[in-house]
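Peer 1: This structure is in structure tokens; I'll ask about it shortly.
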Amino acid sequence: MAKSTKLTEAQACIEANRNPVAKILGLDYKVIDEISEDSSVLSILDKITKDDDPASETKMKIAMLLKQLDLHLLNHTLKHISLEIRLNPGTFKNDIELLKRFSGKGKQTVLEFIDYTSDYEFSNGCRAPPWRQLRGEICYVLVKPHDAEILCVTCSKGGVFLNGGKTDDEEEVNYERTGEIYKDLVTLLREKSAIFSENMSKQGFLHVRSCHLCTEKVRVSEGQQKEKDQPDETPRKTEDATLHKASTASHRSALESSRINLGKKQMTKRLEPSLNWKTTVDAKGKRSSVRDTQGGKHEGRLEKPRPSILPGIAQFRKSVQKVEDIISDSTSESEEDEEPSERRKEANADLPSEYWQIQKLVKYLKRGNQTATVIALCSMKDFKLAQETCQLAIRNVGGLEVLINLLETDEVKCQIGSLQILKEISHNPQIRRNIVELGGLPVMVNILDSPFKCLKCLAAETIANVAKFRRARRAVRRHGGITKLVALLDHEQNSTEPTYSSLYETKDVEVARCGALALWSCSKSNGNKEAIRKTGGIHLLAQLLKTSHENMLIPVVGTLQECASEENCRAAIKAERIIENLVKNLNSENEQLQEHCAMAIYQCAEDEETRHLMRRHGGLKPLASLLNETDNKERLAAVTGAIWKCSISKENATKFRKYKAIETLVGLLTDQPEEVLVNVVGALGECCQEQENRVIIRKCGGIQPLVKLLVGTNQALLVNVTKAVGACAVEPESMMIIDSLDAVRLLWSLLKSPHPEVKASAAWALCPCIQNAKDAGEMVRSFIGGLELVVSLLKSDNKEVLASVCAAITNIAKDQENLAIITDYGVVPLLSKIANTTDDKLRQHLAEAISRCCMWGRNREAFGEHRAVGLLVRYLKSNDANVHRATAQALYQLSEDADNCITMHENGAVKLLLDMIGSSDHDLQEAAAGCISNIRRLALAIDKARYPYNSNRHYKLPSITQHRTCHSHAQEP
Amino acid sequence: MNRKKLQKLTDSLTKTSKHFNKFEVKCLISLFYNLVGDVTERQGVVIGLDRNAFRNILHVTFGMTDDMTMDRVFRGFDKDNDGCVSVTEWVCGLSVFLRGTLEEKMKYCFEVFDLNGDGFISKEEMFHMLKNSLLKQPSEEDPDEGVKDLVEITLKKMDRDHDGKLSVADYEQAVREETLLLEAFGPCLPDPKSQMEFEAQVFEEPHEFSEM
């Protein structure tokens, strides 16, 4: 009911106001389609850029403002419009085309025929004559259902209804409405013809699958969020024999998604009450407001369920690991885990001939003695086991049980044959799962102990295939598989074992290779990484790394790379001097090997010593030269990642400059996939810590692409971009460019990001910007709502965010006017509230912020009232010299207020400050001494007040009980 | 048997058998005489293991069960067809049996499988060898149907020239591609496990030998 009232409401709305945009902005801006608001914005934009005439500019400005005002309203109506949006020429055409395909003689079809009355189609997609088009009519259709007379139907924007009909001798259609209005053609036909409705629902189930396809496609096109796209898309779908149902479903989902999008847009708009940060409206202001709308759009996109984090790469993974640590496992397994366990049940409908043959063979496996079994196994191997049909056939006839059962026998030949088959079919995710469910892993783990190397190899290779998901990996570990697999790596020891001549033997190196392969799969679980390390796997891998077989090196390096995400393993890797060999293999010809080496370095270079080792072993040059090969994106991502981590050490950054890597990195800022971008920007951010590198980045035009990336959505990328931009802003000349690109505004907007890491990083980046910008105070004030936003971030519970925001406040407060504003927003109580922290980084920045904020009004007293002083004194007991300096300076500022002096004294600040005076840090010395002298002066004043011979009673103070001790202390230095 | 003769025999057999060293040959000779037992050496009478004794060894030591295969293996060992395995035949036979190369084993196996010795393994021979390989189910109409099907499967896999029977060439080509097919028609080689046990037992008791 509610829906239908809404519908009529919307209908009325549209009928009364056919083209809202045109009405508001005048006919000049009338756009063909009411709903394409984006294009209307664009057309206005075009106008603006074309006309330089000042008069039209003001006109435009007003238009823009009106437009913005209306946007909200429009969006609201859009929601309603979108419900009715199906009724445009495109959708009708689509519906009719679809129905046509399913019409014809016979009981199976939905209709006997359906056709237009007129073959001529106007350019706007309508077939109705122009004078009828004015009434919103689109076309007329003749429909013959199986169980009714020919119907003549009018399709109009308002709905679908029966008209007076068309007589054979007349050309004209009787346009008068004779029936009810239905919301679409299908609803009308369902009402008029029982057979149509019945056949439609019959057909329904067939289309469920294709509907999935459609929703997929819709999701892809979601970004465009234009319902107009729908007709373009549906014809593609028709190939899947999708009848109307499918298209309805996809329509509906498109509508829903667009509705969500619109809703989101409104949400974001509500968050930023004005699209204009700047109060001055000039040409520049206009441009920036446009950019803001874009920014708004991006934010909207940010909330979409889009996997912005890519598996395998990115420190995101690490952060996840840090949180969930041992419970969760790394990499892509989550995606693997979610794989549908039953994908194609319905495929059984027509079974391929292989199915029956395989069924027969499995029967022989079950009933035969070993001779028959071997024959059946050999025959089964001849099927195309890589094909899913065969894999599933084996499973569905119960072959897996038999194959696993064979592994438990003593018959080596049967075991070999069975493993050879299992190895092939375990490439299929479903089969892997079934193998684990049937308890195949413990059996295979036991075979690793077999005296026959061939069996060991096969078992290890099969385990490598099966252990692609978490439960399987855990099962391997639980049954002691890791120890056994690690033992396989020890091929030197293996070769000393007595060997039994047999036809089924392989080389020791091969055994080690298979072991490494299995460990590679297993090492994706954290528990297994630890197990590998504990059983001495890292040492053995290091030994194998010295070989030169690529087949061997790839799984070995792959395993190392996986293990390197664990702290302990990294230490072991360092101890085993593996870096040297990784560097050597970076120079290999094999791209995959290079990739894994770079990944391993990326993981390990978190450690400072490793970074130095990289330099010492000459690993930076091959990395830099690999940067020039950009075709293989996976490798590029790994290489840039390694460069990123390596460049954290300054010496390495200098080296990279020598190898011209910085220029190349800047070149990689455009047209690269996100996982590459994250690393490239990360590397630039680290390199930027050096002055000379900053200059290079500016000179090769790296700042513009960096700033462009600020509007992205990838969290990891944003963290790195903000860091890089912040680092560039340290240099005044770069800052000028940053300012001209309006990047400070973008950074400021990122403070609204939902991710704390992005917030913190953006706040850090703002600090140098405010420091180095011209008219920084004015600039900061021009961001409307900006200061309020910053202050409100002090309510965050993330320490990094708090520290960064404190740092930003320190810089903002350098401007008196801004300090006054943030004081009004209540910065003092908020700062005081977080003063009880124990985090040294936060303490330092907090103390700095407090010391800055003291400079306004009665903030000093206010800090005292909010009990910040006593807490600050405690900071002096910290071990961090930076905290000492900042705290002493803050206390010095606070000690200008008498009450604070008393609090400090009561909290034992004097003793602590006295020690600070002995520091070698001049600022600290000075601040400590200043603070003590303020306390001392107060004590003197009290003395004067106490003793009657001094009549100057300026201070009305509560008595300080231990003022004498204070006095004597102050005299000591 | 005196020491000198034994020495001489050992030397000559070490030369003929490629896969055993002198020590191993000594061990095998000693085992052979242990198995034959106290038979006094007489001129004209060959000392050796007769069919039954040999089959017993195959059954007990190498776990073979199939009567027909064991007979065929005995024939494989008994090169001169005199009804018993002499010491030379014993050592040479075991050389292939335990340590033979793929070539040697293929040759040996083919001989075992070629029941009538015409150089081909025919369908009938296959059927004969495989007839007991499937568990019979009473419900089945034709109990041999499965076996016939197995024969067809094997032929399809191994008969490269499509003449309905396996020549040496067919067999060798198929085995080279798929080693598992070496003993396609029944186990005629020791299974790896009992082989290991046998070797461990025979070759690692030097003391016993020195007493002799």
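Peer 1: Among the residues of segment A:625-643, is there at least one that is among the hydroxyl-bearing types (S, T, Y) and surrounded by fewer than 24 Cβ atoms within 10 Å (Cβ to Cβ)? Even if it seems obvious, please write down each step before you answer.
Peer 2: Within segment A:625-643, the first condition is being among the hydroxyl-bearing types (S, T, Y), and the residues that meet it are A:625, A:630, A:640.
If we keep only those that are surrounded by fewer than 24 Cβ atoms within 10 Å (Cβ to Cβ) as well, we get A:625, A:630.
Checking segment A:625-643: at least one residue is among the hydroxyl-bearing types (S, T, Y) and surrounded by fewer than 24 Cβ atoms within 10 Å (Cβ to Cβ).
Peer 1: Going through segment B:122-152 one residue at a time, which ones are more than 14 Å from every other protein chain (Cβ to nearest Cβ) and not in a helix (DSSP H, G or I)?
Peer 2: The answer is B:S122, B:E141, B:D142.
Peer 1: Let me ask you something else. In segment B:67-86, is there at least one residue being touching a Lys or Arg at 6+ places or on another chain (Cβ under 9 Å), more than 14 Å from chain A (Cβ to nearest Cβ), open to solvent by 40 Å² or more (accessible area, probe 1.4 Å) and not charged (D, E, K, R)?
Peer 2: Scanning segment B:67-86, I find at least one residue that is touching a Lys or Arg at 6+ places or on another chain (Cβ under 9 Å), more than 14 Å from chain A (Cβ to nearest Cβ), open to solvent by 40 Å² or more (accessible area, probe 1.4 Å) and not charged (D, E, K, R), so the answer is yes.
Peer 1: A:L709: modelled with pLDDT of 85 or more, touching a helix residue (DSSP H, G or I) at 6+ places or on another chain (Cβ under 9 Å) and open to solvent by 10 Å² or more (accessible area, probe 1.4 Å), yes or no? So that I can check it myself, show each step before the final result.
Peer 2: Numbers: modelled with pLDDT of 85 or more: yes; touching a helix residue (DSSP H, G or I) at 6+ places or on another chain (Cβ under 9 Å): yes; open to solvent by 10 Å² or more (accessible area, probe 1.4 Å): yes.
Judged against the criteria, A:L709 is a match.
Peer 1: Just name the residue that is nearest to the other protein chains (Cβ to nearest Cβ) out of those in segment B:105-121 that are open to solvent by 50 Å² or more (accessible area, probe 1.4 Å) and not aromatic (F, W, Y).
Peer 2: This residue is B:K107.
One line per residue, one yes/no per condition, for (1) in contact with a Gly (Cβ under 7 Å, 6 or more places away or on another chain); (2) within 12 Å of another protein chain (Cβ to nearest Cβ); (3) under 30 Å from A:E566 (Cβ atoms); (4) modelled with pLDDT of 90 or more:
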| position | (1), (2), (3), (4) |
| --- | --- |
| A:E336 | no, no, yes, no |
| A:E339 | no, no, yes, no |
| A:E346 | no, no, no, no |
| A:L351 | no, no, no, no |
| A:Q359 | no, no, no, no |
| A:L392 | no, no, no, no |
| A:I404 | yes, no, no, yes |
| A:L419 | no, yes, no, yes |
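Peer 1: Something else now. Take A:L718 and decide whether it is touching a Cys at 6+ places or on another chain (Cβ under 8 Å), modelled with pLDDT of 85 or more, farther than 22 Å from A:E651 by Cα and crowded, with 24+ Cβ neighbours inside 10 Å.
Peer 2: Answer is no for this residue.
Peer 1: Can you tell me which residue among B:L155, B:L98, B:L102 is within 14 Å of another protein chain (Cβ to nearest Cβ), out of contact with any Lys or Arg (no Cβ under 8 Å at 6 or more places or on another chain) and either touching a residue at least 24 places away in the same chain (Cβ under 8 Å) or hydroxyl-bearing (S, T, Y) (or both)?
Peer 2: Exactly one residue qualifies, and that residue is B:L98.
Peer 1: For A:S761, are the conditions met, namely being touching a Lys or Arg at 6+ places or on another chain (Cβ under 7 Å), surrounded by 22 or more Cβ atoms within 10 Å (Cβ to Cβ), modelled with pLDDT of 85 or more and part of a helix (DSSP H, G or I)?
Peer 2: Yes: the conditions hold for A:S761.
Peer 1: Suppose we keep only residues that are among the β-branched types (V, I, T) and within 8 Å of chain B (Cβ to nearest Cβ) within segment A:361-390. Which one would you say is surrounded by the fewest Cβ atoms within 10 Å (Cβ to Cβ)? Give the derivation first.
Peer 2: Taking segment A:361-390 first, the residues among the β-branched types (V, I, T) are A:362, A:371, A:373-375, A:389.
Narrowing the set further to residues that are within 8 Å of chain B (Cβ to nearest Cβ) leaves A:371, A:374-375.
Values: A:T371: 23, A:V374: 25, A:I375: 27.
For segment A:361-390, the residue satisfying everything is A:T371.
Peer 1: Within segment A:426-477, how many residues turn out to be assigned to a loop (DSSP other than H, G, I, E, B) and under 18 Å from A:E411 (Cβ atoms)?
Peer 2: 5
Peer 1: Something else about it: Within segment B:158-199, can you find the residues that are open to solvent by less than 60 Å² (accessible area, probe 1.4 Å), more than 7 Å from every other protein chain (Cβ to nearest Cβ) and at positive phi?
Peer 2: B:G164 - this is the single residue of segment B:158-199 that is open to solvent by less than 60 Å² (accessible area, probe 1.4 Å), more than 7 Å from every other protein chain (Cβ to nearest Cβ) and at positive phi.
Peer 1: Same structure again: From (1) open to solvent by less than 40 Å² (accessible area, probe 1.4 Å); (2) without any contact (Cβ under 8 Å) to a residue 24 or more places away in the chain, pick out the condition that doesn't hold for A:I447.
Peer 2: Of everything listed in (1) open to solvent by less than 40 Å² (accessible area, probe 1.4 Å); (2) without any contact (Cβ under 8 Å) to a residue 24 or more places away in the chain, A:I447 misses just condition (2).
Peer 1: What is the number of the single condition among (1) at pLDDT 85 or above; (2) within 21 Å of B:F198 (Cα to Cα); (3) hydrophobic (A, V, I, L, M, F, W, C) that B:F110 does not meet?
Peer 2: Every listed condition holds for B:F110 apart from (2).
Peer 1: Please tell me if A:G90 is farther than 19 Å from A:F196 by Cα, in a loop (DSSP other than H, G, I, E, B) and open to solvent by 10 Å² or more (accessible area, probe 1.4 Å).
Peer 2: no
Peer 1: Output the helices (runs of 4 or more DSSP H) that fall wholly within segment A:872-943 and possess 3 or more residues being within 20 Å of A:R852 (Cα to Cα), or say none.
Peer 2: In segment A:872-943, the matching helices (runs of 4 or more DSSP H) lie at A:881-894, A:898-906.
Peer 1: Separate question: State which residue is nearest to A:L185 (Cα to Cα) when the search covers only segment A:116-132 and only residues that are over 49 Å from the mean Cα position of the chain (by Cα) and not hydrophobic (A, V, I, L, M, F, W, C). Steps first, answer last, please.
Peer 2: Our first condition is that a residue be over 49 Å from the mean Cα position of the chain (by Cα); within segment A:116-132, this holds for A:117-120, A:129-132.
In the following step, the residues that additionally are not hydrophobic (A, V, I, L, M, F, W, C) were identified as A:117-120, A:129-130, A:132.
Working: A:T117: 15, A:S118: 17, A:D119: 19, A:Y120: 20, A:P129: 20, A:P130: 22, A:R132: 19 Å.
Here the residue is A:T117.
Peer 1: Could I ask something else about it? Looking at this structure, is A:E424 open to solvent by 10 Å² or more (accessible area, probe 1.4 Å) and either under 18 Å from A:G440 (Cβ atoms) or within 14 Å of another protein chain (Cβ to nearest Cβ) (or both)? First the steps, then the outcome.
Peer 2: Working: open to solvent by 10 Å² or more (accessible area, probe 1.4 Å): yes; either under 18 Å from A:G440 (Cβ atoms) or within 14 Å of another protein chain (Cβ to nearest Cβ) (or both): yes.
Yes, satisfied.
Peer 1: Continuing with this model, one more query. What single numbered condition from (1) away from chain B (no Cβ under 14 Å); (2) more than 31 Å from the chain's Cα centre (by Cα); (3) at pLDDT below 90 fails to hold for A:A460?
Peer 2: Against the list (1) away from chain B (no Cβ under 14 Å); (2) more than 31 Å from the chain's Cα centre (by Cα); (3) at pLDDT below 90, A:A460 comes up short only on (3).
The values are calculated or read from the model by the stated rules, or taken from the named source; none is laboratory data. These numbers were taken from a predicted model, which means no experiment stands behind them. Glycine also receives a Cβ, built like all others from the backbone with ideal geometry; neighbour counts cover every protein chain displayed. We work out accessible area using only protein heavy atoms, side chains counted, and drop any ligands, DNA or RNA first. Shrake-Rupley method; radii C 1.70, N 1.55, O 1.52, S 1.80 Å.
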